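Below: one structure, written as structure tokens.
The values are calculated or read from the model by the stated rules, or taken from the named source; none is laboratory data. Since this is a predicted model, take the numbers as computed values, not measurements. Please note: Cβ atoms are built from the backbone with ideal geometry, for glycine as well, and neighbour counts cover all protein chains shown. Remember, those area values only see protein heavy atoms, side chains included, never the ligands or the DNA or RNA. Shrake-Rupley method; radii C 1.70, N 1.55, O 1.52, S 1.80 Å.
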Amino acid sequence: VFILLLILIFVALTSLISRYGKINIYFIPFALLPIIIKTFYDARMAFFIHVITMLIIAFIVPNSYEFLFLQLVAGIISVFALQHVNKRSQIFWTSMIVFLSYCVVYFGFSILHEGSSINIEWRDFIWFGGNAISLLTSYPLIYIFEKIFGFLSDLTLIELSDTNNPLLRKLSDEAPGTFQHSLQVSNLATEAIYKIGGNPLLIRVGALYHDIGKMKMAPYF
């Protein structure tokens with residue numbers, strides 16, 4: 001439902017803007033789609049859904065070949081540039097890289113079509129800038145989708161791994177031995193998961209909370 005909803009939103013938005021809107025089609029932040037999906041799934045799933053959605057939208061927009069090529073490049077770059085959505089700076093730099101990729105590819109297409117830079121529609125670069133700024137909305141959108149569909153993002157894992165979390169503070173007060181044990185297990189597990197290529201944030205949080213029930217009978221530690 002989550003994936004189908006995202007596809008429908010982008011297809012419907014593109015259809016409305018291409019028919020009735022005065023906004024350029026390149027203003028729509030299509031790279032937002034793989035960024036959001038990758039947050040909850042993986043890079044392969046994100047790129048696959050992005051390709052499928054862009055193929056559907058290519059039937060709606062004019063100059064579909066140029067559109068599809070531009071969006072595929074932007075999608076690939078957004079998937080590989082944003083490894084983990086756990087820092088605001090990563091989203092900012094990803095949006096900047098996507099903007100540059102749009103500009104370079106579009107400039108190349110324009111040179112091929114026009115033969116010189118004189119007849120290039122420079123206003124389209126402004127739309128690309130607006131597109132890049134729109135990608136910054138991925139941060140709040142990830143939170144909204146996470147709460148609606150019950151997903152778990154890296155941002156939530158960071159919040160849960162904070163030792164100032166009320167539940168971990170309670171564990172520290174009521175079962176300090178168990179709390180120290182959980183910290184040691186999380187450090188060991190995190191180092192181990194780095195070696196085999198897993199999700200260190202998920203492992204750290206799991207280790208921190210794995211003995212949380214010992215608060216009920218702390219002396220039994």
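Looking at region 159-171, which of the residues that are open to solvent by 40 Å² or more (accessible area, probe 1.4 Å) and more than 14 Å from Arg204 (Cα to Cα) is nearest to the chain's Cα centre (by Cα)?
Start the filter on region 159-171 by keeping residues that are open to solvent by 40 Å² or more (accessible area, probe 1.4 Å), which leaves 159-160, 162-164, 166-167, 169-170.
Now drop any that are not more than 14 Å from Arg204 (Cα to Cα), which leaves 164, 166-167, 169-170.
Numbers: Asn164: 26, Pro166: 28, Leu167: 28, Arg169: 31, Lys170: 33 Å.
So the residue we want is Asn164.
Would you check if His181 is open to solvent by 70 Å² or more (accessible area, probe 1.4 Å), touching a residue at least 24 places away in the same chain (Cβ under 8 Å) and more than 24 Å from Ser89 (Cβ to Cβ)? Considered against the rule, which asks whether it is open to solvent by 70 Å² or more (accessible area, probe 1.4 Å), touching a residue at least 24 places away in the same chain (Cβ under 8 Å) and more than 24 Å from Ser89 (Cβ to Cβ), His181 comes out as no. Here Tyr41 meets each of (1) surrounded by fewer than 18 Cβ atoms within 10 Å (Cβ to Cβ); (2) over 12 Å from the mean Cα position of the chain (by Cα); (3) hydroxyl-bearing (Ser, Thr, Tyr) with one exception, condition (2). Just one of the numbered conditions (1) over 21 Å from Leu32 (Cβ atoms); (2) open to solvent by less than 70 Å² (accessible area, probe 1.4 Å) is not true of Ala132: (1). Checking each residue in region 12-38 for being aromatic (Phe, Trp, Tyr), surrounded by fewer than 23 Cβ atoms within 10 Å (Cβ to Cβ) and assigned to a loop (DSSP other than H, G, I, E, B) picks out only Tyr20.
Right, Ser101: assigned to a helix (DSSP H, G or I) and open to solvent by less than 40 Å² (accessible area, probe 1.4 Å) or not? So Ser101 fits the description; yes.
With respect to the conditions (1) closer than 30 Å to Phe67 by Cα; (2) modelled with pLDDT under 85, Ser153 lacks only one, and its number is (1).
Within region 48-75, the residues that satisfy the criterion of being touching a residue at least 12 places away in the same chain (Cβ under 8 Å), open to solvent by 70 Å² or more (accessible area, probe 1.4 Å) and assigned to a helix (DSSP H, G or I) are Leu55, Ile56, Phe69.
Please verify whether Ile120 is free of Cβ contacts under 8 Å to residues at least 60 places away in the same chain and touching a helix residue (DSSP H, G or I) at 6+ places or on another chain (Cβ under 9 Å), treating the condition exactly as stated.
Values: free of Cβ contacts under 8 Å to residues at least 60 places away in the same chain: yes; touching a helix residue (DSSP H, G or I) at 6+ places or on another chain (Cβ under 9 Å): yes.
Yes, satisfied.
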